[in-house]
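The values are calculated or read from the model by the stated rules, or taken from the named source; none is laboratory data. The structure presented is a predicted model; accordingly, all values stated were derived computationally and were not measured. All Cβ positions, even for glycine, are placed from backbone atoms using ideal geometry, and neighbour counts span all protein chains on display.
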Amino acid sequence: MDFSTEDYEFTTFEELPYRQPPTIQPQNTIQQTAVMDQIMQKLDLILKQQTEAELRIRTLETSIQQDRADPQQWSDHEQKMYLKCLETIHKSNSAAISKILKTKTAKQVAAHSQRFFEKLGRHYNKECDDKEIKDMLQGCCALIQEIPQTLIQSALQPVAVLKSDDGKCGVQEYTEKYFANSKEIAKRFIQVLRPSQNAVVAAIYVAEKLVIKVEDVILCVIKAELCSCRDWKQE
């Protein structure tokens with residue numbers, strides 16, 4: 001059988017494509033790559049933390065701007081803290097109240113105090129009959145029960161030194177002798193108790209208005225039988 005070279009195509013080595021042999025990286029190059037990967041991971045973490053911090057700052061700035069735009073907006077928690085402060089701090093000391101609240105400036109506290117006590121003043125000067133006082137009393141019984149026992153005991157303390165001829169003494173005799181208008185005082189207390197939502201603050205407000213002691217206001221409230229939530233009685 002005859003073979004002819006013309007039936008086949010021969011390729012020379014010069015015509016074959018050149019292939020680069022694989023290079024083996026030295027050990028120090030591998031270590032450098034690992035270190036670079038760690039650095040990039042740390043940079044990514046730093047950038048992420050920076051982005052989160054910038055987001056928190058923008059959120060805080062937005063909150064501050066909204067608060068400045070609407071300083072009248074107070075949360076329930078802030079209002080409760082504000083009332084708690086008024087039990088021991090005078091309303092004029094806005095800076096001290098602001099330090100305790102931490103979320104309102106002294107200027108914002110002063111503006112809030114002005115609005116709050118103007119509201120109490122409108123209720124204080126309102127004329128109410130016995131029926132209206134009864135209705136208000138029903139909605140304020142829980143608040144009256146929150147009067148601290150220490151304040152009640154302090155109010156009752158003068159009774160012990162007030163003795164009648166027969167050696168007997170009571171809340172009724174004390175208030176009738178020193179506060180002929182005890183029922184009127186108790187009425188004023190009830191009228192400002194509902195908008196103030198704080199028995200101590202209401203007592204302090206009435207006491208300042210009438211230039212008497214807070215304990216005297218509480219004593220009139222006890223005399224009017226409000227703490228026991230009984231019916232309002234005519235004197």
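For the stretch 100-131: of the residues being free of Cβ contacts under 8 Å to residues at least 12 places away in the same chain and assigned to a loop (DSSP other than H, G, I, E, B), which is surrounded by the most Cβ atoms within 10 Å (Cβ to Cβ)?
Here the answer is Thr105.
Under 8 Å between Cβ atoms, which residue pairs at least 6 apart in sequence (or on different chains) link something in the stretch 133-157 that is in the same structural domain as Lys183 (by TED's automatic domain parsing) and in a helix (DSSP H, G or I) with a partner that is among the acidic types (Asp, Glu) and modelled with pLDDT of 85 or more?
Leu151/Glu215; Ser154/Glu215; Ala155/Glu215; Ala155/Asp216; Gln157/Glu215
How many residues are over 16 Å from Asn198 (Cα atoms) and polar (S, T, N, Q) if we restrict to the stretch 107-149?
3
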